[in-house]
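First up is the structure itself, then whatever we jot down about it.
The values are calculated or read from the model by the stated rules, or taken from the named source; none is laboratory data. Worth saying up front: this structure is predicted, and the values here are computed from it rather than measured. Every residue, glycine as well, gets a Cβ built from its backbone with ideal geometry; the counts of neighbours run over all protein chains shown. For accessibility, only protein heavy atoms count, side chains too; no ligands or nucleic acids. Shrake-Rupley method; radii C 1.70, N 1.55, O 1.52, S 1.80 Å.
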Amino acid sequence: MAVLDRFFELSGRSTTAGREVRGGITTFMAMAYIILLNPIILAGARDITGARLSIVQLTTSTALAAAVSTLLMAFIGNAPFGLAAGLGLNAVVAYQAAPHMTWAQAMGLVVLEGLAIVILAVTGLRTLIMNAIPLALKHAISVGIGLFIALIGLVDAGFVAAGSGTPVQLGATGHLAGWPVTVFCIGLLLMIVLYVRRTPAAILISIAVTTVLAVVVNSLATIDPRTWGVVTPRVPKSLVAAPDFGLVGRFDLFGGFVSAGALTAAVVLFTLVLSGFFDAMGTIIGVSDEAGLVDERGRVPRLGAILTVDGVAGMIGGATSSSANTVFVESAAGVGEGARTGLASVVTGALLGLALLFTPLAGMVPAAAAAPALVLVGALMMTQSRNVPWEDLELAVPAFLTIALMPFTYSITNGVGAGVISYTLIKAARGKFAEIPWLLWVVSAIFLAYFGITALEELFG
């Protein structure tokens, strides 16, 4: 135990091995859905030759890449972050890259994306950019992520849905209906009660109990399996499934520039790098802030190592054909359970590794059981809003845009971009150029290009 304490700095971060284990398990249960969802997204698209990827092989690749990436974060970054195929990044690969090149060439671009992020991290440029962002915006990022993951949970559970006359509404029909939503509500109420009573492992207990409830309800009631989402809660016929590593190592680094053309491939690579860079940055800042790991200057310990691992994880995702891996925002669920160090990531990574063999068991937890954790943790992250100086409009407006656009556009990157651009513009309009770090000018220009990428494609295409 003393060795664990020294290596992972348990005492220094005011945590215990027990809390780390609970936190690691909770993070795994909150993000295990990606093992099933990522294959569905990637296998749903065809490449330029009309080929599809195998769901069985994608499941193995997704779990393998996630396990390796998370364990690297545990031992090198000593941070309570789970890593896996990034949502949004996999959509870029499936629907922006694959139609113009082969799957191997698309995954080659993913490897290059990870390499670019590693170079930015190793040179210290990525750390400089993160440290250049004002502290108020860092708190706003944390709040925005809280709203974002709460919305993800509500949508995944079917509590909130796209409306016919409104952008969103209560339930699929404007009313709450169906067993999955009922199970979610019960799970959320149970989790809230246990958490406010300071019950140890409140989030983990709630997820487990709600999963059992979902399995029972699904077996007794007549329910359309599609209403549960990606995962239908049922006892698997077999607990063990043999992994298929057929997609590992199938990537072509530069073939995409030949098949799709230099401009198209460059646009895809730019989109991947920017999204991966700032999604991870926002998540690292937000989750670290919630974990109490950010110092008074808004800096995260071992940031260089964390950012390097995130880039390596992107390369691992491409090399295994599972799409770019990145820090998962669901890590906040584990932090809410007490995770503060890389020991939690050891547990999460080990469970992701076990999922290679026990994929059927990992597929028992439906969104209705995992989503309450995202909603509760979202509420906890909202408390960071007290650190934003709302009386100062020069900071309040960028903070508001950062917070609002993350859930409203379903993107961490969009929120960070809007906040940075508006902060730079407001300070410049007030003539306070000395308060704008030179890197923020560069980042603002990059984000302007990102938001106007379609116009740029049309202009130079």
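Looking across region 31-62, the residues that are under 16 Å from ALA97 (Cβ atoms) and open to solvent by less than 10 Å² (accessible area, probe 1.4 Å) come down to ASN38, LEU42, ALA45, LEU58.
Residues of region 416-432 that are assigned to a helix (DSSP H, G or I) and open to solvent by 60 Å² or more (accessible area, probe 1.4 Å): LEU425, ALA429.
Regarding region 198-206, can at least one residue be identified that is in a helix (DSSP H, G or I), closer than 15 Å to LEU380 by Cβ, β-branched (Val, Ile, Thr) and without any contact (Cβ under 8 Å) to a residue 12 or more places away in the chain? The answer is no; no qualifying residue exists.
Within region 383-395, can one find any residue that is in contact with a Pro (Cβ under 8 Å, 6 or more places away or on another chain), at pLDDT below 90 and open to solvent by less than 50 Å² (accessible area, probe 1.4 Å)?
Looking through region 383-395, none of the residues is in contact with a Pro (Cβ under 8 Å, 6 or more places away or on another chain), at pLDDT below 90 and open to solvent by less than 50 Å² (accessible area, probe 1.4 Å).
Can you say whether THR413 is open to solvent by less than 30 Å² (accessible area, probe 1.4 Å), in a helix (DSSP H, G or I), closer than 26 Å to ALA333 by Cβ and not acidic (Asp, Glu), as far as the supplied structure shows? The answer is yes for THR413. Within region 1-55, the set of residues being under 24 Å from the mean Cα position of the chain (by Cα), of a type in the set (Lys, Arg) and assigned to a helix (DSSP H, G or I) comprises ARG19, ARG22. One residue stands out among those in region 219-247 that are in a helix (DSSP H, G or I) and in contact (Cβ under 8 Å) with a residue 40 or more places away in the chain: the one that is most open to solvent (accessible area, probe 1.4 Å), which is THR227. Consider region 334-345 and keep the residues that are open to solvent by 10 Å² or more (accessible area, probe 1.4 Å) and within 18 Å of the chain's Cα centre (by Cα). The one that is nearest to VAL377 (Cα to Cα) is GLY336. Check off (1) in a loop (DSSP other than H, G, I, E, B); (2) modelled with pLDDT of 85 or more; (3) open to solvent by less than 50 Å² (accessible area, probe 1.4 Å) for ARG250 and give me the number that stays unchecked. Answer for ARG250: the failing condition is (3). ILE403 - would you say it is free of Cβ contacts under 8 Å to residues at least 60 places away in the same chain and among the β-branched types (Val, Ile, Thr)? Answer is no for this residue. With respect to the conditions (1) assigned to a helix (DSSP H, G or I); (2) in contact with a helix residue (DSSP H, G or I) (Cβ under 8 Å, 6 or more places away or on another chain); (3) modelled with pLDDT of 85 or more, VAL212 falls short on a single one, namely (2). Tell me, yes or no, whether region 273-291 has at least one residue that is surrounded by fewer than 19 Cβ atoms within 10 Å (Cβ to Cβ) and over 15 Å from GLY417 (Cβ atoms). Within region 273-291, none of the residues are surrounded by fewer than 19 Cβ atoms within 10 Å (Cβ to Cβ) and over 15 Å from GLY417 (Cβ atoms). Just one of the numbered conditions (1) more than 29 Å from ALA266 (Cα to Cα); (2) assigned to a helix (DSSP H, G or I) is not true of TRP390: (2). Of the residues making up region 5-16, just one is touching a residue at least 40 places away in the same chain (Cβ under 8 Å) and in contact with a helix residue (DSSP H, G or I) (Cβ under 6 Å, 6 or more places away or on another chain), namely PHE8. Whether any residue in region 193-202 is among the polar types (S, T, N, Q) and either crowded, with 16+ Cβ neighbours inside 10 Å or touching a His at 6+ places or on another chain (Cβ under 6 Å) (or both) is what I want to check. No, that holds for no residue.
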